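The values are calculated or read from the model by the stated rules, or taken from the named source; none is laboratory data. What you see is a predicted model; the values in this text were computed from it and never measured. Note that we place each Cβ from the backbone using ideal geometry, even for glycine, and neighbour counts take in every protein chain shown. Accessible surface areas use protein heavy atoms only, side chains included; no ligands, DNA or RNA. Shrake-Rupley method; radii C 1.70, N 1.55, O 1.52, S 1.80 Å.
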Amino acid sequence: MPARRARVRASTDSFNVEDFLNANGVPTRTMRLARDAVVFSQGGRANSVFYLQEGGVKLSVLSSAGKEAVVAILGPGDFLGEGCLAAQPLRMGTAIAVVPSRALRVPKDDMVRLLRTHSEFSDRFIVHMLTRNIRIEEDLVDQLFNSSEKRLARTLLLLARYGREDTTVRVLPKLSQETLAEMVGTTRSRVNFFMNKFRKLGFIEYNGGLKINNSLLSVVLHD
């Protein structure tokens, strides 16, 4: 890893967004979101960026024919609603909490100012955008070529933040199978079948929440 990239990774891993915003006098608003709460809606004014501190959010788009597609699943440490920074006047999609969540709302003008004047914050945001772009490409490949079983396994691993250095316990709050079916792009009955299969094989556990074991990765890697 080049020295520059190593410095950026080290700084972003330890960077506390909330402390930084408070120190710079940014008037953030903490949003506590129940499951199924709407963060923002498609067609609404795009005038702020959100930073997800806890929980999980799905981004979806509704076509003119009324068909909905889930385009991203975000978790702690992710930004959302950043389209407003590229002169997007209206939200292109809807963001809904899939589990109880907590997010910071940052006004657009403050976000632009901080990105221009603070390189550490800018580095954090750039890493997020690059990671998000990679995820979008992987999601497209997943939808085009992988079975619903693999897509479900990958979705669970992503929700549990698998591979993140700051994640020690991979336990998710209870998620409805209807929600998982929407994320994966399959039916509730198929999700129920695969979840029972994963549980019997020891890939997941139910104990006050949904525990995702590392062994679930074998489903994604299996040809």
For the range 21-43, which positions are more than 24 Å from residue 90 (Cβ to Cβ), in a strand (DSSP E or B) and within 17 Å of the chain's Cα centre (by Cα)? 32
In the range 115-160, anything basic (Lys, Arg) and touching a residue at least 60 places away in the same chain (Cβ under 8 Å) is listed as 124, 132, 135, 150, 154
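So which residues in the range 73-90 are touching a helix residue (DSSP H, G or I) at 6+ places or on another chain (Cβ under 7 Å) and either open to solvent by less than 10 Å² (accessible area, probe 1.4 Å) or in a strand (DSSP E or B) (or both), if there are any at all?
Residues satisfying the conditions are 73, 75, 79, 84.
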Only residues in the range 76-94 that are closer than 23 Å to residue 66 by Cβ count as the first member; pair them with residues that are open to solvent by 10 Å² or more (accessible area, probe 1.4 Å) and of a type in the set (S, T, N, Q), Cβ under 7 angstrom, at least 6 apart or cross-chain, and list the lot. 91/41; 91/42; 92/42; 93/42; 94/41; 94/42
Given (1) of a type outside the set (Lys, Arg); (2) within 16 Å of the chain's Cα centre (by Cα); (3) open to solvent by 30 Å² or more (accessible area, probe 1.4 Å), residue 112 misses just (2)
Long-range neighbours under 8 Å by Cβ, at least six apart or interchain, first residue under 18 Å from residue 122 (Cα atoms) within the range 18-44, second of a type outside the set (Asp, Glu) and part of a loop (DSSP other than H, G, I, E, B): 18/28; 20/118; 21/28; 22/28; 24/118
Give me the residue from the range 44-59 that is out of contact with any helix residue (DSSP H, G or I) (no Cβ under 8 Å at 6 or more places or on another chain) and in a strand (DSSP E or B) and, out of that set, most open to solvent (accessible area, probe 1.4 Å). 45
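Given the condition open to solvent by less than 30 Å² (accessible area, probe 1.4 Å), modelled with pLDDT of 90 or more and touching an Asp or Glu at 6+ places or on another chain (Cβ under 6 Å), answer yes or no: does some residue in the range 145-152 qualify?
From the range 145-152, those open to solvent by less than 30 Å² (accessible area, probe 1.4 Å) are 148, 151-152; that's our starting set.
With the extra rule that they be modelled with pLDDT of 90 or more, the set shrinks to 148, 151-152.
Remaining after also requiring touching an Asp or Glu at 6+ places or on another chain (Cβ under 6 Å): 151.
Yes, that holds for at least one residue.
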What are the pairs, 6+ residues apart or on separate chains, where a residue within the range 188-213 that is farther than 18 Å from residue 98 by Cβ has its Cβ under 6 Å from a residue that is of a type in the set (Lys, Arg)? 205/211
